[in-house]
Amino acid sequence: MRAWLPALLAGRLVRLAWLLPLAAVGLFVLISLAPIDPVQAYVGGRTSQIGPEQRDAIAAAWGLDRPAAERFASWLGQLVRGDLGQSITFNAPVMQVIAARLPASMALVGRAFALSFVLGTLLGLTAGATRGCWPDRVIRTVAVVLAASPGFWVAILLVAVFAVGLGWLPACCATPPGQLASEVTLADRWRHMVLPVATLSVVGVAPLVLHTRQSLIAFLDSPAARHLFAHGATPVRLAFGPGLRHAAGVALTLHLASAGELFGGSVLAEAVFAWPGLGQATVRAATGADAPLLMGIGLATLLFVFAGNLLADIAARLADPRLRRVS
Amino acid sequence: MLHPLSTAAVALSLMMPAQVEARPLVLAIGGEPDGGFDPIMGWGHYGNPLFQSTLLRYDAELNLVGDLATDWSLSEDRLVWRVTLRDDAMFSDGTPLTAEDVAFTFNAASEAGGLADLTILKEARALDDTTVELELTEPRITFVSRLATLGIVPAETYGDGYARQPVGSGPFRLIEWREGEQLVVEPNPHWHGGEIAFERVSFIFGSEEAGQALARTGAADLVAVPPSMADAAPSGMEVLHVDTVDNRGLAFPMLHATGETTAAGTPIGNDVTADRAIRVAINQALDRDALVALALNGHGRPAMGPADGLPWDNPEAAIPGNDPAAAMATLDEAGWTDSDGDGIREKDGKPAAFQVLYPAGDSTRQALALGASEQLREIGIDARPTGSSWDEIGALMHSEVVVLGWGAHDPSEIYYLHHGDYAGIDYYNTGHYSNPEVDARLEAAEAANGVEESLAEWQAAAWDGETGFGPKGDATWAWMVNLEHSYWVSDCLDVGPLQVHPHGHGFPITHDLPSWRWTCE
């Protein structure tokens, strides 16, 4: 039954084998070309207290005085031994920085991913089933508006309404200000998650709604659906019955393949909500020209997106038997 | 996880506001040190090192007073600081702080390649438990700033994980640091400095918007806000404006353009600003009060020099400005006249025109550049505001005028900005200014017998009655404004007298955090 699976996995592994080194080289070249002096970024506002001799000492301590090619070679050497190097910005091993921050990001991205999938598919199906009527028009308008709204703007809007205006939900952070992690209740954690997850879901929900609606409409226009119509099936019943399978495959593929965008959206959401995840670390690493950390995060993101695409392909084949034929 | 009971509890709690209980002090002022709390790598140079204490500290008037040190003196040859320590200082783990720890900290910091500049230190030695000697490679009085900024770490337990689990003899000890989100500290029971009025202090990190939202929901007690937001404090809070030496001014290229370039191949010199008359006329013409109103919404004060109001500042060197008539007289006298009637003066066929570069993303500097340009047009100088990236500014700052900003609690900044040795190095002396008499004054200040003695030399470097880097002398800069740093502070919080703040908004306000008090029940 699953004869297609080994071939798919093998093909992807080969692809990963050349993609990873290519991405590593590309990332390093980009970082080296960036017009940011890592020493200046590290010194930041303290310029007046750090003399030129100390700058040289800083550059030497971080190996920034060596040519780029040499730095890349030594980074590769470390990588082979399973060491991603030392982050300049955080003054800690890159592995440690990523390990400390990945869980918070995954909690956010994972929940937003699930929520936007359920919400997007349901709304898309509803819109498709009521094509041309008012629910369709309302849902489409909302989807188009959301698709055109930048994530951080949505975040600020949600905070203004639900945190500042109504006072229902906390404005920031993963836990209440002033409390230790051990004192925070589960309920508090959930309360603090609502707005960030909502913000991030909004980013993913709009394309899903529009695509699901479109694929359902394509199904409803097909001869098979017309036949069922003639036998008295209502559009709503068709949508959530046989239509669901048609639309869900497309939706799942689309959603898994756009996991990378969700990850990108978390960079902004994390900054607005002071969420202690990888997104914040990415911003710091980029503005500080922190090559080892950026490379580490870049490669981790690559693996994340790669896994998302692979899962999308597997899910699509599970949902749609026509794709399983090995070409 | 999806137990029906817990689900119901979650659903219920979502509808109820958080429980009201005794609230700790919550600050949202940014300043999270990404690299952790290791003084040897540079933590604590702004504001308050929280977990560590320093040998000396600056009081609200920026006078040096003892913290760990009870007595300190500089040797005859000005090379050796001898510091006597108090004998009751303890680290937060209960072990006593000795001269060994101080010597270890200074020696380690001078070798670490971090953000504590101790390149001048030759060696630190502990003579006995409470006496330490710090030997320098050459006389340098500004080393005293290191005594006031370098937090002391325990020699015994300092190691790899220190930055994230600091142990020090400061007012607070770290309870929990959730990176990127929150730092929670409690008073250090072993601290030698007295009582602290808070059982717990939390620092919330994240964006400015997050801090403002917290203030509006009443969850934060002190929040750093940008000047544009300052006047819109939410109920229960008031606005606190803090004077600073966080200054902005026009840095002039001082040399004539001779085709000379920097090592990176960018041009040096500008024939218009190389003329002292132009630089002095600009200083005479600028209406700094108008610039404060225009660019800072009135939240600032006119800047006359690089360190207005600090002990090493020389007010005598300033030209008050807002005097276009005097500016025009200066230009006329120097031969800059408008011969072709286009409103711009010329001399020997060269128009009095130059660019004023500012980083395009900085609206304050943009407003300053535009405002200054407008004012200078009145006296016949064509200063063209040009928004650029820092990258471009780095390439052009030796040949065009740039809106730059400085301001530190350390006179070595004066040295870096005006000494000929720093011409063209980093952002220091961008104009390649070099005046042997000023250099000699600056060197004399660094070589002084003591901090008090050095002050007169720093002031003379700006203006000694005949020459100096200040506007009355060579006019290397036209300083324009000092920013104000704005905070929203809870009505119930008394933060006491405040220092004039350095460049950098946010964390410096914590300098006297241990003496803050609640004023409400």
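Plainly put, the protein assembly as shown has a radius of gyration that is 1.02 times its Kirkwood radius, both from alpha-carbon atoms, as the Rg/Rh ratio. The portion of the accessible surface of the range A:121-217 made up by carbon and sulfur, rounded to a whole percent, is 74 (1.4 Å probe; DNA, RNA and ligands excluded). Per residue, the range A:1-80 exposes 56 Å² of solvent-accessible protein surface, assessed with a 1.4 angstrom probe and all protein chains in place. On the basis of the beta-carbon distance and an R0 of 45 Å, B:LYS350 and A:MET95 show a calculated FRET efficiency of 0.15. In order along the range B:414-424, phi translates into HN-Hα couplings of 4, 5, 4, 6, 10, 7, x, 5, 9, 4, x Hz, rounded to whole numbers, per the Karplus curve 6.51 cos²θ - 1.76 cosθ + 1.60 with θ = phi - 60° and x for Gly and Pro. Can you tell me what share of the DSSP beta bridges in the protein assembly as shown is antiparallel? A percent to the nearest 5 is fine. Restricted to the protein assembly as shown, the bridges split so that about 80 percent are antiparallel. Taking the Cα atoms only, what angle lies between the long axis of helix B:99-112 and the longest principal axis of chain B, rounded to 10 degrees? Roughly 50 degrees between the two axes.
Between the alpha-carbon centres of the range B:171-223 and the range B:55-112 there is a gap of 27 Å. About its Cα centre, the dipole of chain B is roughly 1020 debye, where the only charges are +1 on Lys and Arg Cβ and -1 on Asp and Glu Cβ. Measure nothing fancy, just the Cα-based angle from helix B:4-15's long axis to the longest principal axis of chain B, in degrees from 0 to 90, nearest 10. Taking Cα atoms only, the helix is inclined about 40 degrees.
Nonpolar atom fraction for the range B:308-383, defined as the carbon and sulfur part of the 1.4 Å probe accessible area, stands at 47 percent. Near B:GLY211: Cβ cut-off under 14 Å, other residues only, Lys/Arg at +1 and Asp/Glu at -1. The net charge is -4.
Computed over chain A, the range of Cα coordinates on each principal axis works out to 85, 56, 37 Å, biggest value leading. For B:HIS190, neighbours were defined as the other residues whose beta-carbon sits under 11 Å from its Cβ, and their charges (Lys and Arg +1, Asp and Glu -1) total -1.
The convex hull around the C-alpha trace of chain B, projected and averaged over every direction, spans 28.7 square nanometres. A 1.4 Å probe run over the range B:110-243, with the rest of the protein chains in place, finds 37 Å² accessible per residue. Mean projected area of the convex hull spanned by the Cα atoms of the range A:1-150, taken over all viewing directions: 15.7 nm². Site-free segments of chain A were taken between trypsin sites (Lys or Arg not before Pro) in DSSP loops having at most 12 other Cβ atoms within 10 Å, sites themselves excluded; the longest one is A:82-324. By the Kirkwood approach, averaging reciprocal distances over each pair of separate Cα atoms, the range B:228-383 gets a hydrodynamic radius of 17.5 Å.
Once divided by 2.2 N^0.38 Å, the Cα radius of gyration of the range A:159-200 becomes 1.13. Ratio of Rg to Rh for the range A:183-248: 1.29 [Cα atoms; Kirkwood radius as inverse mean 1/r over pairs]. Summary value for chain A: 26 percent relative contact order, contacts being C-alpha pairs under 8 angstrom separated by 6+ residues. For the range A:219-269 versus the range B:285-343, the spacing of their alpha-carbon centroids is 68 Å. Chain B packed on chain A takes about 4500 Å² of accessible surface away from a 1.4 Å probe, both sides summed.
Diffusion coefficient (Stokes-Einstein, Kirkwood radius over C-alpha pairs, 25 °C, 0.890 mPa s) for the range B:89-210: 152 µm²/s, rounded to a whole number.
Peptide B:407-413 is shielded by partner chain Cβ atoms: per residue, an average of 3 of them sit within 10 Å of its Cβ.
If you average the C-alpha positions of the range A:33-98 and of the range B:384-421 separately, how far apart do those two centres end up, in angstrom? Between the Cα centre of the range A:33-98 and that of the range B:384-421, the gap is 25 Å.
Here's the picture: charge each Lys and Arg Cβ at +1 and each Asp and Glu Cβ at -1 in the range B:73-201, and of B:PRO166, B:LEU147, B:THR130 the one pushed furthest to the positive end of that dipole is B:LEU147. Using Cα atoms only, what is the angle between the long axis of helix B:436-446 and the major principal axis of chain B, expressed in degrees (0 to 90) to the nearest 10? Approximately 20 degrees, to the nearest 10. Computed over the range B:401-458, the P(r) curve from all C-alpha pair distances, binned at 5 Å from the origin, holds 4, 20, 26, 24, 17, 7, 2, 0 percent per bin. Partner shielding of B:39-49 amounts to 2, given as the average count of beta-carbon atoms from other chains within 10 Å of each residue beta-carbon. Length, then width, then depth: along the principal axes, the Cα atoms of the range B:217-260 run 61, 18, 15 Å.
The values are calculated or read from the model by the stated rules, or taken from the named source; none is laboratory data. Fair warning: this is a prediction, and the values are worked out from it, not measured in the lab. Heads up, the Cβs are rebuilt from the backbone with ideal geometry, glycines too, and the neighbour counts pull from every protein chain shown. Heavy atoms of the whole protein, side chains included, go into the accessibility calculation; ligands, DNA and RNA do not. Shrake-Rupley method; radii C 1.70, N 1.55, O 1.52, S 1.80 Å.
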